Amino acid sequence: MKIKDQVQLIQSGKLSLKEFIKEVLKESSKINSELRCLNYLANDEAIERAEILGKKKGKLFGIPITVKDDICVKGMETTSGSTILRGYKPPFNATCVERIFNEGGIIIGKTCQDEFGFGSFNTNTSLDFERPLNPFDNERVTGGSSGGAAAFVSKAKFSTAALAESTGGSIVNPASFCGVVGLCPTYGLVSRYGLLDYANSLDKIGTIAKNVDDAELLLNVIKGFDPLDSTSIRKEGKNIKIKEIAIQKEALNVDKEIKDLILETLKKLKIKHKEVSLPLTTKYVIPTYYLIAMSEASTNLAKYSGMRYGKEEDIKGDFNEYFSKIRSTYLGREAKRRVILGTFARMAGYRDAFYIKALKARSLIIQEYKKVFKEYQVLVTPTMPLIAPKIKEINKLTPLQNYMMDILTVGPNLAGMPHLTVNAGFVSKMPTGIMFTSDHLQENSVIEMGKKVEELS
Amino acid sequence: MQLDKETLKRVASISRLNLTKEEEDGFLKELREILNAFSEISKLETTNVDLSVQPLPISNIFRDDIVGKSLTQTEALSNTIHKKDGYFKAPRVI
């Protein structure tokens, strides 16, 4: 049942909210036992919220919502998937969480993720966290980094949606692998206040849902200017008519079955489309993205040092010794790798060749996308170049091979452009997403395309 | 680009990370492979290209100078054991 219908049902009084939430929590616990997708199940908080809602109205009245573990919910342990933040209970809500509460939504738990979002498969989990499993095949990954969010929404039989977050593809990637809808908005459309940052110029909070209507509804609740986020934007996009769409030629260099599925879907959509080329983006998008993301991450993670919150030990030695001990003990391997690479890319002697060069390359990549959107309203690609791999296959990949898997998703993220994935069908029994990208603030266009794909099934 | 062990050690030290021997060897191999691949970016012609520190133009936003709600001292200190007389306790600096 779509969220808006479920809200009506609850508000009509035909369904007891408290009983509904109790059932939801019971079912959520079962899902978590099978898929390990929740870092925290908010049993007491959800029941309490259901009791105090009373007869208030709201777009999300009584709807269970999960929150990715890098978004602060007051009083609920928030770790961003990292052992170094174990025990941290934020004394405030993120703006997007506050807005969900204002519309009657009920937060039922925190979903798991790669540590600080550093991963494409949700296999880069921190020291004492488990890897989530794909609901379609438990031997396969969920995708990442919002893997818990996608797996939970996919498996739940009740109406629900998730707050997720993307830096380089962390919303659409797991949504594609788990057969659900992922909607990543324009950079700045949703406030980042209360988000544990990975890379400030790339992070975007978005939604994962069972259908495009639900993903859109939740986005409409959380979007909008927030004075607490200095990069929050005040503008709204205009509705534009989709006349012709572009398909990225280089993005079809994927598994043949995935390529065929995307082309077949486009054919069924009966929309005028043309192949376009983005050669510069294809060649340079991976180093550009990773150099910027790691540089920003290396400064953002400096605050995790065993003071003020998270893991702490008896203070021994000077600040250098104490901070180094805490960070060396409680940061995971990928986090260390990215902190070192990011610090290196910003160091005197290397800064111009790596960090500054990447910021310039980003300008050229944005220009290349902008050129496409002068002629076409939407750009189409497969969401991922492969179906969800088996966990044992991921274990064999080098870090660089891991990074290369993001080739299709990092472009729109670097450019801060809205993108949406919706399931196009199945390849080897695994869900496979089609991704639509549009120009800044043209969320309406990707949402419209997503709905058209849904109508095909 | 060839990353040497001394540079790796220096970067780790700046990053406040003590690496084990196993981590040092592993990172050296992995980081060399990554930096070698990322060095491709040097081939891109970027003369007269501006930097994009944000993906879309964003101007400074200043909040109105009005006193608002903020965390209480108790709330701010609620996540640490290292506190005394309403302050955070920190390791020795000098």
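The values are calculated or read from the model by the stated rules, or taken from the named source; none is laboratory data. Small disclaimer: the values here were computed from a predicted structure and weren't measured. Positions of Cβ are generated from backbone atoms using ideal geometry, with glycine treated the same way; all protein chains shown enter the neighbour counts.
Does region A:242-297 hold any residues that are hydroxyl-bearing (Ser, Thr, Tyr) and closer than 23 Å to B:LYS43 by Cα, and which are they?
A:SER277, A:THR281, A:THR282, A:TYR284, A:THR288, A:TYR289, A:TYR290, A:SER295
Only one of (1) in a loop (DSSP other than H, G, I, E, B); (2) more than 9 Å from chain A (Cβ to nearest Cβ); (3) of a type in the set (A, V, I, L, M) is not met by B:LEU51, so which one is it?
(2)
Can you pull out every residue in region A:310-319 that is within 7 Å of chain B (Cβ to nearest Cβ) and either closer than 20 Å to A:ALA199 by Cα or not aromatic (Phe, Trp, Tyr) (or both)?
Of everything in region A:310-319, those that are within 7 Å of chain B (Cβ to nearest Cβ) and either closer than 20 Å to A:ALA199 by Cα or not aromatic (Phe, Trp, Tyr) (or both) turn out to be A:GLU312, A:ILE315, A:GLY317, A:ASP318.
If A:ASN300 passes every condition in (1) more than 10 Å from every other protein chain (Cβ to nearest Cβ); (2) closer than 29 Å to B:LEU31 by Cα; (3) not aromatic (Phe, Trp, Tyr); (4) not in a helix (DSSP H, G or I) but one, which one does it miss?
(4)
What pairs come up if the first residue lies in region A:233-257 and is at negative phi, the second is among the hydroxyl-bearing types (Ser, Thr, Tyr) and part of a strand (DSSP E or B), and their beta carbons are under 6 Å apart, counting only those six or more places apart or on different chains?
A:GLN248/A:THR381; A:ALA251/A:THR381
Could you run through region B:55-94 and say how many residues are β-branched (Val, Ile, Thr), within 7 Å of chain A (Cβ to nearest Cβ) and farther than 20 Å from A:LEU228 by Cβ?
Qualifying residue count, region B:55-94: 3.
Six or more apart or on different chains, Cβ under 6 Å: which pairs go from a residue in region B:29-47 that's at the interface with chain A (Cβ under 7 Å from one of its Cβ atoms) and part of a helix (DSSP H, G or I) to one that's among the charged types (D, E, K, R) and surrounded by 14 or more Cβ atoms within 10 Å (Cβ to Cβ)? Could you list them?
Within 6 Å, the pairs are B:ILE41/A:LYS357.
Pairs, please: C-beta under 6 Å, at least 6 apart or cross-chain, first residue within 7 Å of chain A (Cβ to nearest Cβ) and within 16 Å of A:VAL339 (Cα to Cα) and in region B:3-28, second modelled with pLDDT of 95 or more and not in a helix (DSSP H, G or I)?
Partner pairs satisfying both residue conditions: B:ALA12/B:LEU19.
Of the conditions (1) of a type in the set (Gly, Ala, Ser); (2) closer than 30 Å to A:LEU456 by Cα; (3) crowded, with 18+ Cβ neighbours inside 10 Å, A:ALA297 clears all except one; give me its number.
That leaves (2) as the condition not met.
Being assigned to a loop (DSSP other than H, G, I, E, B) and small (Gly, Ala, Ser) is the filter; apply it to region A:39-59 and report the residue that is farthest from A:SER126 (Cα to Cα).
Across region A:39-59, the extreme among qualifying residues is A:GLY54.
Among all residue pairs at least 6 apart or on different chains, which show Cβ distances below 9 Å where the first residue, located in region A:265-278, is of a type in the set (Gly, Ala, Ser) and the second is surrounded by 17 or more Cβ atoms within 10 Å (Cβ to Cβ) and modelled with pLDDT of 95 or more?
A:SER277/A:GLN248; A:SER277/A:GLU250
Given region A:171-282, what strands (runs of 3 or more DSSP E) lie entirely inside it while holding 2 or more residues that are more than 30 Å from A:THR95 (Cβ to Cβ)?
In region A:171-282, A:245-248, A:273-276 are the strands (runs of 3 or more DSSP E) which contain 2 or more residues that are more than 30 Å from A:THR95 (Cβ to Cβ).
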